[in-house]
Ligand code: SF4
């Protein structure tokens, strides 16, 4: 049904762009606000995606086409300072002082990656050869995977669950996507550096998506990647700048020490700063995991506690791209119902 109405969408990653495109094609005017200088969220920083090693740039260009509608007005470098509702309309003021109005609001502020320097025992930000999973994607994109001294690495390790399932940092949840990211990245390292030895240190392998388990099997059988069940207790720098990790192998029940040329930390997903900010400004409830709290776990995942404000994507929980896009489409459907006066609580 073609209809009128206007919506403010906050966040121009995959969820925000998808929800904007769907709404615009239904005749709704959208103001899509992005605090950074560019649209595309985290996906634009990813060289290849799991499970099919597809170019991240393909998805970014797909999203650009979806949101590239004349009814979508994209404002980058823009943040909301105030948001209130008067006379049935939402009124937003940006940090720059511009006034925006909308009949509804969609929050699509996504996630932030865990700051790995908070886990001091792994040496991120201290040792030159310890990096995050996001930095490895940058290296893949730049076509340069070398140690800090410019050498081709021979032994490479991946530490799972950094900032997730960890009481010490206050994140008890599983980020859901870092196991499969580690497997994908480990395979890519082996493809680029066929002489390398690659180790993944994990607590459990959580491969709960279509084709993820097959990718895990491929990593072991085709690429000879070693999966060691155990938590890395500590990483230290050796005199030659290699990294020594201490890990308890819980399958064979003995402690291990391994010297590696590079160590990559699989950073978990956290509620974004932008999401936390909008939750404060608009009075949106958050859950124990600090993500936005859905009104119902089964049928209300696009809605929270404020009527007329809807949620799209991983501002509510860790999601992969497929889930994010589906969640955004569902959010658009809910908004259209709401604009049509159908409000199923
Ligand atoms: S997906 Fe894997 S690495 Fe990520 S938090 Fe869950 S168990 Fe840990």
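Here, each number is a calculation from the coordinates, and none is a lab measurement. It should be emphasised that the depicted structure is a prediction, and the values quoted were computed from it without experimental measurement. Please note: Cβ atoms are built from the backbone with ideal geometry, for glycine as well, and neighbour counts cover all protein chains shown.
A few points about this structure:
- Full extension of the chain segment joining residue 277 with residue 239 gains 9.3 nm, where the gain is 0.36 nm per residue of separation less the Cα-Cα distance.
- Here the average projected area of the convex hull drawn through the C-alpha atoms of segment 110-181 stands at 5.7 nm².
- Segment 116-268, relative contact order in percent, only Cα pairs under 8 angstrom and at least six apart counted: 32
- GNM flexibility winner over the chain from 164, 61, 149 (Cα, springs under 10 Å): 149
- Per-peptide average of other Cβ atoms within 10 Å, ordering 240-250, 20-30 highest first: 20-30, 240-250
- Peptides 141-147, 156-162 ordered by average Cβ neighbours within 10 Å, highest first: 156-162, 141-147
- Distance distribution P(r), the chain, all Cα-Cα pairs, bin width 10 angstrom from 0: 5, 25, 30, 21, 13, 5, 1 percent.
- Highest to lowest packing among 79-90, 290-301, scored as the average C-beta count within 10 Å: 290-301, 79-90
- Most mobile listed residue (117, 98, 133) in the chain, GNM with C-alpha springs under 10 Å: 98
- Calculated from the alpha-carbon coordinates, segment 50-179 shows an Rg and a Dmax of 20.6, 64 Å respectively.
- Value of [θ]222 nm, deg cm²/dmol, for the chain, DSSP H segments ≥ 4, -39500 (n - 2.57) each, nearest 500: -8000 deg cm²/dmol
- Ranked list, fewest to most other Cβ atoms within 10 Å of each Cβ, for 124, 212, 311, 62: 62, 212, 124, 311
- Once the Cα gyration tensor of segment 1-55 is diagonalised, semi-axes √(5λ) in Å: 26, 14, 6
- D (Stokes-Einstein, µm²/s), Kirkwood Cα radius, segment 58-110, 0.890 mPa s at 25 °C: 190
- Taken over the C-alpha atoms, segment 230-345 has Rg and Dmax values of 21.5, 68 angstrom.
- Ranking of 281, 33, 187 by count of other Cβ atoms within 10 Å, fewest first: 281, 187, 33
- Where labels lie 7 Å past Cα in the beta-carbon direction, separation of residue 117 and residue 172 in nm: 2.9
- Among 46, 223, the order by Cβ neighbours within 10 angstrom, fewest to most, reads 223, 46.
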